[in-house]
Amino acid sequence: MPPANRPTSGPRGSSAGLSTDPLIVIDHVTFGYDASRVILNDVSLQFRRGKVTAILGGSGCGKTTLLRLIGGISGANSGRVVFDGEVINARDREQLLRLRRRMGMLFQFGALFTDLTVYDNVAFPLREHAALSEEMIRDIVLMKLNAVGLRGAAGLRISEVSGGMARRIALARAIAMDPELIMYDEPFAGLDLISMGVAAQLIRKLTDATGSTALVVSHDVPECMAISDHVILMAGGGRIVAQGTPDELMNSTDPEVRQFVRGEPDGPVKFHYAAPPLAQDFRLVDRA
Amino acid sequence: MIAIARLGARTLDVLRGFGRAAWFFADLVRNVPGALRRLPLVVSQVYAIGNLSLVIILASGLAVGFVLALQMYYALVPYGATESLGLIVNLSLVRELGPVVAALLFAGRAGTSLTAEIGLMKAGEQLAAMEMMAVDPRARVLAPRFIGGVVSMPLLAALFSTIGILGAYVVAVGLIGVDAGNFWGLMQDRVDVWRDVGNGIVKSFVFGVICTAVALYQGYETQATPEGVAYATTRTVVISSLCVLGMDFVLTALMFSTP
């Protein structure tokens, strides 16, 4: 049960809207890579169709893991991940291949194929799945690259592009097939301010134009607040601190929410990993 | 009590590992027909795995041929049987040394390259990205490499034996002065194409399957860290070499148990 002062409403302030027609339902999901390391503990969420949902939270709170569970790259230890009414089974390869044709994902570090050129990376999903002529593929690839400002870099090898460019190429590849669901894992990391603004607007416009659903995992509060319909703030163990419209979170009086959205060093969220007292670690007591 | 529990856990881990490897191999074989339909992918792998291994294979084959001719000559001189030199060198190479040494070199050159490539693709999330694009990496990445390795290995072993025989000819006939007619004549008379050359090719095919499957499995199952990839490449060489040597004994016993 979230505290009363925490916003739990849906997009643009409509609390009734969130539960209607969700594309993805996370239903009491618990996940850990081993028994001693639980990343997500009994998490329940819904992601509305055709909306941009930002998942914010500190490092290691399970944001990327959540995307991996939705994509079926990892399987939940317990609970259900439902995509468009179908429970995702990470062991069912046939189902995964079928559902993933409707998904696109921008990986945290790009995950570009280093043996291919920029052009071939973006063309990869089209060549694998779409029965299109090479001329048609060329047009689509150049359009997608143009959207991220890299049409002129089409002929470069991946080893020749910078980290920020690689992220933008990965973004072009993620949207190449115009999927129904696009998951962006840290889309703004490593981008300069201009590229960041362009990428943020691209995510927003793409969602509006194609009616797709976007999940944006990020640390960049201003960009996410600017483009999202709904924002979820996560903490360690996958605990949902708050969720609501960007305005609701920005105006929240909850100390944890305020600390995160304002980037304050002091507050309920500890900067330091749990450790013994300083005096004990530096043996100040013994020396005294 | 704790020791017993640890032993049990370790045993279960090992059995689980065998199960995973068997499942992986079955999956690899299942994806072969699909990969064969995408010939350009296979051809590029035959080039990367086979052609790029030629230098080490040919240089080693030539060196082995040189040394084998010298050693055999010294061994045969006391018996006055130097005319058998060509035959002995040929049988040694096509039956044993060609397939086995070529496989060991293959594991060191192509096997480690495959493991490192797949391991780094995993570490860089390229395999996960492929899966997220609804492309099965086993069909798109692993199966073409598997076919490339299995096709390349017998060809490399044949080239190893051929260049070895030519090396032995240079030393025996050119340097030592063994009669060229004897060198080739006995070989032509006593080497059976099916029994000797054919079995050698079958061996190298089996070694190709072993080395390539081990390399791909180690790469696919590697921990996605620099240390993990380093350990995986080492394991590829060790496991492939041990499997090749063990399987060579089994195959030799099956193929040449009767005179």
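A short reminder: the numbers here are calculations on the coordinates, not readings from a lab. Please read all numbers here as calculations on a predicted model, not as lab measurements. Heads up, the Cβs are rebuilt from the backbone with ideal geometry, glycines too, and the neighbour counts pull from every protein chain shown.
Considering chain B as a Gaussian network with a 10 Å cut-off on Cα pairs, which listed residue, B:GLY111, B:GLY185, B:GLY80, attains the greatest mean-square fluctuation?
Ranking B:GLY111, B:GLY185, B:GLY80 by mean-square fluctuation puts B:GLY80 first.
Which is the longest stretch in chain A that no exposed loop site breaks, taking sites as chymotrypsin sites (Phe, Trp or Tyr not before Pro) with a DSSP loop state and at most 13 other Cβ atoms within 10 Å?
Answer - A:1-270.
Using +1 at the C-beta of Lys and Arg and -1 at the C-beta of Asp and Glu, which of A:VAL38, A:THR53, A:GLY85 has the Cα lying farthest in the positive direction of the dipole of chain A?
It is A:VAL38.
Using the beta-carbon distance between A:LEU278 and A:ASP115 and R0 = 45 Å, what value does 1/(1 + (r/R0)^6) give for FRET efficiency, to the nearest 0.05?
0.35
Over 17 Å apart: what share of the alpha carbon pairs of the stretch A:154-283 falls there, rounded to a whole percent?
Percent of Cα pairs beyond 17 Å in the stretch A:154-283: 66.
Using a Gaussian network model on chain B with a 10 Å cutoff between Cα atoms, which of B:ARG195, B:ARG138, B:ARG95 fluctuates the most?
B:ARG195
Taking the Cα of B:PHE205, stepping 7 Å toward and past its beta carbon, and measuring to each backbone N in the stretch B:139-181: which are under 15 Å?
B:147-158
For a quick check, take a GNM of chain B with Cα springs below 10 Å and name the residue from B:MET72, B:MET132, B:MET247 with the largest mean-square fluctuation.
In the Gaussian network model the winner is B:MET132.
Over all Cα pairs of the stretch B:31-255, how is the pair count split among 5 Å bins, expressed in % and running from 0 up to the last occupied bin?
It works out to 1, 8, 14, 16, 16, 14, 10, 7, 6, 4, 3, 1, 0, 0, in whole percents.
Expressed in nm², what is the orientationally averaged projection area of the convex hull enclosing the Cα positions of the protein assembly as shown?
37.2
Over the alpha-carbon set of chain A, divide Rg by the Kirkwood Rh and report the Rg/Rh ratio to two decimals.
1.01
For A:ASP208 and A:THR253, FRET efficiency with R0 = 51 Å and r from the beta-carbon atoms, rounded to 0.05?
0.95
Averaged across A:106-119, how many Cβ atoms of other chains sit within 10 Å of each residue's Cβ atom?
Mean number of neighbouring Cβ atoms from other chains: 3.
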